[in-house]
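Quick note: the coordinates plus some simple rules give every number you see, no bench work behind them. This structure is a prediction, so every number in the text was calculated from the model and none was measured. Heads up, the Cβs are rebuilt from the backbone with ideal geometry, glycines too, and the neighbour counts pull from every protein chain shown.
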Amino acid sequence: MVICDGIMPIITLTSDLGYEDPYLALVKAKILSQAPDAQIIDISHSINPYDIAEAAYVVKSILSDFPKDTIHIVGIDTRSIDTIEHLGIRYRNQFILAANNGLLSLIADQYHPDLVVELTMNVDSDKLIFPMRDLYGPAAAYLAKGGSLEVIGRQMQNLPKRTMLLPTTGEDYIKGFVIYVDHYGNAISNIHESLIKEVAKGRDLLIGFVSKGYELHEIQQRYDDVAINERLALINSAGYLEIAIRQGHAANLLGLPKNEAIIITFS
């Protein structure tokens, strides 16, 4: 990685730390103490605690909009430094740092990472309970200054997989679930547009939920394809099936909280 015109790559932060406690400031302080010119961007710190599926969706939805060599720190279910492996991957010309808890395989489910390492940096602390500050922060600062993953990690052949959170499919159906409810109440599923096309093979579809009477027979292109207060399905900007109510709260009104099933059948 080469620093162009003295401008460091961006470092992004995604976590379940929230905004009320000092933990987020401690992470930023660690990064800036080692890379004072670092550009730090907060993605979200309102991820539900320990929810790797939600975090994976949020990170996947922003990756393509960041420039080459951006470094993404994802602090979800990190545990203590000595109780779980902590990984760095080179993925789609960017870096992602996270615990080995299945999150990275959910992010990198469309393409294989170019490089996977277990982070082996020495930790400058006798406390091992805050990996986001004491391990990911220094690793991100090092990468931002032009370092490489191979120097701070032991290369691994494969990224450990977690598949239990992926949709299930049959010849005539896809069964997924809600992984994220946004600020507007839109219920975002783990069903990607590419999977719908693969299983549909041009057939008509029916999108159903546990709550009966709200089935949808088509996928719209935009929110304003329907009248205000009407329900709709669409493929969002991240490529995932989303259930919405125009100017309404779909998750509440249609009974679609997180983890609720969404089933697409084809005929």
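Counted over all Cα-Cα pairs of the stretch 213-267, pairs farther apart than 19 Å make up 24 percent.
Taking Lys and Arg as +1 and Asp and Glu as -1, the other residues whose beta-carbon sits under 13 Å from that of ARG203 total -3.
A Cβ-based charge dipole, computed about the Cα centre of the stretch 214-254 with Lys and Arg at +1 and Asp and Glu at -1, lands at about 100 debye. Each Lys or Arg adds one and each Asp or Glu takes one away; over the other residues whose Cβ falls under 13 Å from the Cβ of GLN34, this sums to +1. Secondary structure note: in the chain, about 75% of the DSSP beta bridges are antiparallel. If you line up the long axis of helix 52-63 against the longest principal axis of the chain, both from Cα atoms, how many degrees apart are they, to the nearest 10? The two axes meet at around 80 degrees.
For the stretch 158-267, GluC sites (Glu not before Pro) meeting the loop criterion (DSSP other than H, G, I, E, B) and having at most 10 other Cβ atoms within 10 Å: GLU171. Loop-located chymotrypsin sites (Phe, Trp or Tyr not before Pro) in the stretch 1-71 (DSSP state not H, G, I, E or B) with no more than 13 neighbouring Cβ atoms inside 10 Å: TYR19, TYR50.
Helical runs (DSSP H, four residues minimum) scored at -39500 (n - 2.57) apiece and divided by the length of the chain put the mean residue ellipticity at 222 nm at -5000 deg cm²/dmol.
Using Cα positions and a limit of under 17 Å, work out the aspartates and glutamates in reach of LYS68, with same-chain residues fewer than 8 apart set aside. List returned: ASP5, ASP114.
Its Cα centre serving as origin, the stretch 91-224 has a Cβ charge dipole (Lys and Arg +1, Asp and Glu -1) of approximately 160 debye. Which of the trypsin sites (Lys or Arg not before Pro) found in the stretch 169-267 are loop residues per DSSP with 11 or fewer other Cβ atoms within 10 Å of their Cβ? Answer in residue order: LYS201, ARG203, LYS212, ARG222.
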